[in-house]
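Readers should treat all values here as calculations from the given coordinates under stated rules, not as data from a laboratory. Because the structure is predicted, anything quoted here is derived from the model rather than measured. Every residue, glycine among them, receives a Cβ derived from its backbone with ideal geometry; neighbour counts consider all protein chains shown.
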Amino acid sequence: MFPYTHICFANDTLGKINDETVLGAVFPDTVIAGFLEHGTTHNQAPALFRYLSGLGILGDFSRAVITHSTTPRGLDYYCDEKYLDYEKGYAFEMARPLVDKVIRSCNLPPEMGWWKAHNFIEMAADVWLYEKRPEFHGFLKKALNNQTLVLAISQVLSPFFDVPAAKMAMSFPLYGEYVTTGAVTSVELAKKYGMQTAKKHGINIDIIAAAKVIEEAVDIVDSTFPDFITHCQENVTELINNLR
């Protein structure tokens, strides 16, 4: 999922929100900076939790990372990997009707269509939540600008991930360049998504056409997302409560 969804979900699952929670909720996706691998940040949450618990610090951060993760089964597991009896996760399954439009609007080879289309459901969820949950407006920008906390987190994570603290610290503002930290609109999301596809794949997308696909995806999200997020919150809350 995209950042606004992860922030809302972390709050609803953990029952609190602060800069540490926000940074933990988005940390796995700071891989866009290029210093860590997706599998590393999304699948090492249990080890990270034990490491930070042993140090007795950053408990809110580590729990928020778990709400995001693929392993154990945080929000991204149900979003990407498996939801109910579907073949794949929620975002992939809901994206099926959008695949051809995403291929055209993003100038993609057909084999990338379904993979990239699932991001449009994720972006639509951010648009939907931004409108319905205004209490979290500005939280991501505020947390990313908390340089003291970013540096402290980076210094602690550096030996765990074997990445220099300076690079860890740099990953947060770099991540902020590729996501929407202000108003979450279809056009702003399409612009940022275009930056990501250019960086990752050297592909330039049609911003306006992509924004229209996001708007279409919002209608899909509107009828399906409440049940999905309730399912996730029930399961991830149980997971958090059983942490050892």
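Set the Förster distance to 22 Å, then compute FRET efficiency between ALA209 and ALA183 from the Cβ-Cβ distance, nearest 0.05. Working shown, then result.
On the way: r = 21 Å, r/R0 = 0.93.
My answer for the efficiency is 0.60.
Residues with beta-carbon under 10 Å from that of LEU98, excluding LEU98: net charge, scoring Lys, Arg +1 and Asp, Glu -1? Could the numbers behind the result be given before it?
Working: positive: ARG96, LYS101, LYS116; negative: ASP100, GLU216.
Result for the local shell: +1.
Cα centroids of the range 223-240 and the range 91-158: how far apart, whole angstrom?
Using only Cα atoms, the two centres lie 18 Å from each other.
Per residue of the chain, what 222 nm ellipticity follows from adding -39500 (n - 2.57) for every DSSP H run with n ≥ 4, rounded to the nearest 500?
Values: 13 runs with 165 residues, N = 244.
It lands at -21500 deg cm²/dmol.
If you plug each phi of the range 37-51 into the Karplus form 6.51 cos²θ - 1.76 cosθ + 1.60 with θ = phi - 60°, what whole-Hz ³J(HN,Hα) values come out, in order, with x for Gly and Pro?
Once rounded to whole Hz, the list reads 9, 4, x, 5, 6, 8, 10, 10, 4, x, 5, 5, 4, 5, 4.
Dipole magnitude of the range 3-241 about its Cα centre, charges +1 at Lys/Arg Cβ and -1 at Asp/Glu Cβ only, in debye to the nearest 20?
620
Applying the Karplus parametrisation 6.51 cos²θ - 1.76 cosθ + 1.60 with θ = phi - 60° to the phi angles of the range 19-32, what ³J(HN,Hα) value in whole Hz is obtained for each residue in order, glycine and proline being reported as x?
Going residue by residue, I get 4, 5, 5, 4, 5, x, 5, 9, 3, x, 8, 5, 4, 4 Hz, with x marking Gly and Pro.
Return the distance in nm (one decimal) between the two label points of a simple spin-label model at ARG244 and LYS142, each offset 7 Å from Cα along Cα→Cβ.
The two pseudo-label positions are separated by 3.7 nm.
For P(r) over Cα pairs in 5 Å bins from 0, in percent, pick the label among [x] 1, 6, 12, 15, 16, 15, 12, 9, 6, 4, 2, 1, 0, 0; [y] 1, 7, 14, 19, 20, 18, 12, 6, 2, 0; [z] 1, 5, 10, 11, 9, 8, 7, 7, 7, 7, 6, 6, 5, 4, 3, 2, 1, 1, 0, 0, 0 that corresponds to the value derived from the coordinates.
Checked against the structure: label [y].
Less than 28 Å apart at the alpha-carbon level, and either on another chain or at least 8 residues along: which lysines does that give for LYS101?
LYS82, LYS88, LYS116, LYS132, LYS191, LYS192, LYS199, LYS200, LYS212
For ASN107 and HIS38, what is the calculated FRET efficiency with R₀ set at 22 Å and r taken between the beta-carbons, to the nearest 0.05?
Details: r = 23 Å, r/R0 = 1.05.
About 0.45, to the nearest 0.05.
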